[in-house]
Amino acid sequence: MTYTLRTMRHPVKRFILAAGFFAVFGVPTSAQHKPACQLVSKADAEAILKVTLQPPKPFAPFRSLLDPDFTSGTADQGCTFTNFAYGQAKPPKVVNVGLEVRYSATPDLKAVDEARKQVDTRTYEHPTDLPGFGDASFWIGPPNNVTLFVFVGGTTRLMIGPSEIGLAAEKTLAAKALASLGKAPTTYSYGTQPTGLKKPVLAAGANPSPLDQLKRALTAKAETGDVKAQTALGKLYESGQLGNDGKVQPDYAGAAYWFHQASDRGDSSAAYELAILYNQGLGVLADPAQSFKLLQKAAEAGYVPAMPLLSDIYAGQKTPVSRERATDWATQAANAGEPRGWLTLGFEYREGLLGGDRPYWYKSAMLAFRKAADGGNCVAMAAIGDLYSKGEGVPADKNLAESWNAKALKCQDGNLASLQHQLAQYRARAAAAREPLLSAMPVIPNSSPVVARNGHGAAVSANDKILAGVVAAVAIAFAISALTSKSEGAADNSGDNVDPMAASNAAQANFMWHTNQCVQSGFNGGYNDMTSSCN
């Protein structure tokens, strides 16, 4: 039995697993704790698989996928169903499927998370949740090599596969096994539930400000389960209120509460925003593991901004598969049109991490950086300048190096100007529609921001005030859009109904500002908004 490792540079690899699944638990002596080969009868298996089988054969799992210690199991934990036996004529189609079971004496909240972690660190597969089957379940692998994981009651775990019988047949086998154990889905909830998330209290008073009016109206809609309203509230609390001194007073705890509500209902953008808060400990206790889990959730749902950040995290891990996972997510981001994906690939090519000889490294890096720069990435522009300065992959050219570095320095100003232009257009549209909540939007200075060369002083303060205004206005624009749009009971991350202003959210504006500061300070790796530092 094998797992296919699908990567860009190694199209076919095999991670050999000798039919493993769970960490070894002592099997209590109980009528409901049956050995694996007693969970599905030979007759039932034949009816499901539609072949004549050999007698079920017990086996002791070895190098179990969910056993981080790579220990051996016991013969009662595994069972093989096959229609082939050595020394006999080979059937036209060989069927070979393994079933494993594990029991624990007490409920294990972390069982599903641990299973996903082992899949993540030991294979290149991406788990796909299977709602409504057991208390939790997911599957991995291509259609001809599926493995199904099922969890019930916190104490019972099944794995079926990897096999070629398909997901539907594996589900039927799992259902038979659970019925044999008398195990029906319960209300057991796997995973550590977030604590300390409190619903923000709305401001009291007979004469609320326009911003408070907006929060009240949006909260009423969010409380009905409207996902877009919940996400918009999160952005609104995250952006904070802009004081007379130009300083922002964000409510990260309030943002975390509403992002959590929306994330639980399937909004991948909310999961992404909540991941940032957990990583930086803003409004919640810092929890890198929870942040990573949320980023995976967002990226696997197709939310492109999460992909380059997930790539960065994998690049920092030291597992057998993390480097290729990092490249895979950067590639997915790049193919989706995200400049930061091309930026990451550019640096990987430049360091020789993607194979080939040195000339190939630099040529490929330049191509990737150019694609990122064409998408407006300021750091990529500086990286191109550095290649010309050092003559790596191109003839050294001082003039071109200076030209690209100048583009990088001007890039940020253009991005902020573009945001201001978008906000002006939104203000005009809202005014034409006579939107009364428009007055909640702050007035943003029209002057172009002053770029400080040393990263200190009054010039940075001026830029901060402009950026604060942009961030707050973008959040309010998104909130008004959510308030006036059709109610949504479930998340829609397809992008078809997303207001244009939503693309210019607070996180993107924050990233652009810090990226510019990193470039000015000589850090060609850019800004990592997961670690709040220059690379």
Review point. Restricting attention to the range 207-223, which residues are over 27 Å from the mean Cα position of the chain (by Cα) and not basic (K, R)?
Key: N207, P208, S209, P210, L211, D212, Q213, L214, A217, A220
Exercise for review: Quickly run through the range 341-376 and pick out the residues that are touching a residue at least 40 places away in the same chain (Cβ under 8 Å) and closer than 23 Å to C411 by Cα.
Suggested key: L343, F347, R350
**Study point:** Among (1) outside the structural domain of I48 (by TED's automatic domain parsing); (2) crowded, with 18+ Cβ neighbours inside 10 Å; (3) part of a loop (DSSP other than H, G, I, E, B) - the single one K199 does not satisfy
**Key:** (2)
Exercise for review: Could you grab the pairs with beta carbons closer than 9 Å, sequence gap of 6+ or different chains, first residue in the range 286-302 and at positive phi, second one crowded, with 21+ Cβ neighbours inside 10 Å and outside any loop (DSSP other than H, G, I, E, B)?
Suggested key: G302/S268
Check your understanding: Which of the residues belonging to the range 127-151 are in contact with a Pro (Cβ under 6 Å, 6 or more places away or on another chain) and among the aromatic types (F, W, Y)?
Key -> F138
Exercise for review: Would you be able to tell me the number of residues in the range 62-86 that are under 35 Å from the mean Cα position of the chain (by Cα) and part of a loop (DSSP other than H, G, I, E, B)?
Suggested key: 10
Practice item. Just one of (1) among the hydrophobic types (A, V, I, L, M, F, W, C); (2) closer than 26 Å to R325 by Cβ; (3) at pLDDT 90 or above trips up L66, so point out which. Key: (3)
Review point. With respect to the numbered conditions (1) over 19 Å from K34 (Cβ atoms); (2) outside any strand (DSSP E or B), which one is the sole condition not fulfilled by A105?
Key: (1)
Revision key, fill the gap. Residues of the range 119-141 being touching a strand residue (DSSP E or B) at 6+ places or on another chain (Cβ under 6 Å) and surrounded by fewer than 19 Cβ atoms within 10 Å (Cβ to Cβ), in sequence order, are T128, D129, L130
Review point. Say we look at the range 366-415 and pick out the residues that are among the β-branched types (V, I, T) and at pLDDT 90 or above; which of these is nearest to G356 (Cα to Cα)?
Key: V394
Point to revise | Condition met for A204 (more than 27 Å from the chain's Cα centre (by Cα) and loosely packed, with under 14 Cβ neighbours inside 10 Å) | key: yes
Exercise for review: Tell me, please, whether a residue that is aliphatic (A, V, I, L, M), more than 29 Å from K117 (Cα to Cα) and surrounded by 15 or more Cβ atoms within 10 Å (Cβ to Cβ) can be found in the range 60-77.
Suggested key: no
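The values are calculated or read from the model by the stated rules, or taken from the named source; none is laboratory data. Computed from a predicted model, the values in this text were never measured in an experiment. Ideal geometry is used to build each Cβ from the backbone, glycine not excepted, and the neighbour counts take in all protein chains shown.
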